[in-house]
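Here is the structure we will look at.
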Amino acid sequence: MSKSPATGRQLLNGIEASGTFPVEYRFAHAKNGNRHLVVVFANFSAPDDYGWSNGVFDNVRANILWIRDRFQGMNSYYLCKDMDFSLEQSVATLIFNVMKALSLTPDDVTMWGGSKGGSAALYFGLRYGFRNIVSIVPQFLVGTYVATVHPKVAAFMLGEGVPEENVRAVDAILPELVRSGTNREANIYLLSSPQDEQYTAQVEPFLGLFQGYENFNFIYSESPFITDHTQVTRRNVPALMGIVNLLADGMPPRLGFVRNGYEEPDRDKSAINAYLSGTSMVRDSQSFPPPTVLSPAFNAEVPMTGAVFTGVAPGAVRVSLWEHGKFLGSPPVAPDGTWSWELNRSWTKGKHLVRLFAVNGEGFHSERSEVPFTAVDAPAVPSFASGQGMPDARVSTVGHSEAAPMVLAPVAHEQVMDARVVFSGAAPGAAQIGFRENGVLLGGAAVAANGSWSWDSGWPWSPGVHIVDVFAVDTAGGESAVTQVPFTVMDVPAGAGAVPYYGGTY
């Protein structure tokens, strides 16, 4: 029976029943015809007694054979029942039959497992002459371990009452196998950690037995994130995957005795955070203001076809527009800071939210601006009071030459609902901004280093139409061309709850 996971490789389930004990397995074919087999043995907590079956091997190109450690309802270390080692021989039969069907040799096979599975990988790898062995936090004294930690498993493996002589006999299996020098040519990768509570009794005393093995590698993991036996493997998955991928490609690494785990989770990050902040691609709004959208207005209705976006972006060379994380366009910014852009297709009908940022000549980005609008078949046409007429389209809040300052607020022909009016804009390279109405000088404002400026007259503006000439002054005192700003201060009755106006577009 086969099953195809939602992600990953197709798994084939089977039972090898030619031996004394039926052995259940899962199998996944190699990717791209790779000529290697990884045999996976399970740890005690493995789901359904299949180890490493959570998709971690999905990208390993080798054939994968998972062997279930479940015999008559119990675990067995893949070794024995009541000291009957025909169980081990049944497992070996499965491995050799799969290997033969793939036309592979023991040199093309890796034994793999953690904890209980690590002991099995080491045992089968050495005893049956397989080239590669990856043993993760194994137990060398298997009899003692099951007798003290897993008594039901001990009774199944060692017999009723768990005779002491059987405990000692099973304890001796792995140490004697290593001491005998069997399969000295194997590539062995053993992983453990001093933070593993089993290390001092189950691993450390036996490391010296591997002297004389041609490629024995011991990974001593001292990560502060390891707190017990169960955490050693989890901390080392990236390194282990690197090893198995090299083995699958026929390139066994030579590591020797190595140590890993150099994390410093409590290290002071203030210096690197200061550096990252100082070199961040996104600049703060004071040093590089975000782009302003002059049209369409906030929450305006625009035609589905032909809508032109305009705005200003002081100090930028281009503006980048996005919607739902997808790039829309990147219009250039003129020397006076103005930009315009039109989508090269129709907008879908309905609501839209376009996000945009400015980019300067060095590649730094501004913070984001947003413009919500609704695309309609035909946008509503504004009406005007009798005699008022249409607004003068030739008058703009954007400077009409390179020298004229940009005025971002108030917008041309805006109806201001409060007697307080705050002017703001940009004039890169200028020293000051001046304001006149009907030829009378109203005041001035300094230009910041980034070219931005803001001015509040300090008095309430009288209701009615105002036309203010805004001009820039350079360091030599020369005046620029004028940007004309027409706006109307509305006569809002007392108690009408007018919203104060503090400058800006809407």
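Whenever a residue of the range 276-288 is under 20 Å from residue 452 (Cβ atoms), its partners that are assigned to a loop (DSSP other than H, G, I, E, B) and open to solvent by 60 Å² or more (accessible area, probe 1.4 Å), lying with C-beta atoms within less than 6 angstrom and at least six residues away or across chains, give the pairs 285/367. Between 358, 375, 334, the distinction of being open to solvent by 30 Å² or more (accessible area, probe 1.4 Å) and either assigned to a loop (DSSP other than H, G, I, E, B) or not polar (S, T, N, Q) (or both) belongs to 334 only.
Restricting the range 397-425 to residues that are open to solvent by 50 Å² or more (accessible area, probe 1.4 Å) and in a loop (DSSP other than H, G, I, E, B) leaves a set whose member that is modelled with the lowest pLDDT is 400.
Against the numbered list (1) under 30 Å from residue 155 (Cβ atoms); (2) in contact (Cβ under 8 Å) with a residue 40 or more places away in the chain, residue 49 comes up short only at (2). Screening the range 426-484 for residues that are hydroxyl-bearing (Ser, Thr, Tyr) and closer than 29 Å to residue 316 by Cβ and picking the one that is least open to solvent (accessible area, probe 1.4 Å) gives 483.
Each residue in the range 25-79 was checked for being over 14 Å from residue 12 (Cα atoms), of a type in the set (Gly, Ala, Ser) and surrounded by 16 or more Cβ atoms within 10 Å (Cβ to Cβ), and 5 of them qualify. Among the residues examined, residue 311 qualifies as in contact with a Pro (Cβ under 7 Å, 6 or more places away or on another chain), in a strand (DSSP E or B) and small (Gly, Ala, Ser). Counting only helices (runs of 4 or more DSSP H) wholly contained in the range 80-166, the ones carrying 1 or more residues that are of a type in the set (A, V, I, L, M, F, W, C) and open to solvent by 10 Å² or more (accessible area, probe 1.4 Å) occupy 86-101, 142-149, 151-158.
The values are calculated or read from the model by the stated rules, or taken from the named source; none is laboratory data. As the structure is a computational prediction, the values presented were derived from the model and not from experiment. Positions of Cβ are generated from backbone atoms using ideal geometry, with glycine treated the same way; all protein chains shown enter the neighbour counts. All accessible areas refer to the heavy atoms of the entire protein, side chains included, with ligands and DNA or RNA removed. Shrake-Rupley method; radii C 1.70, N 1.55, O 1.52, S 1.80 Å.
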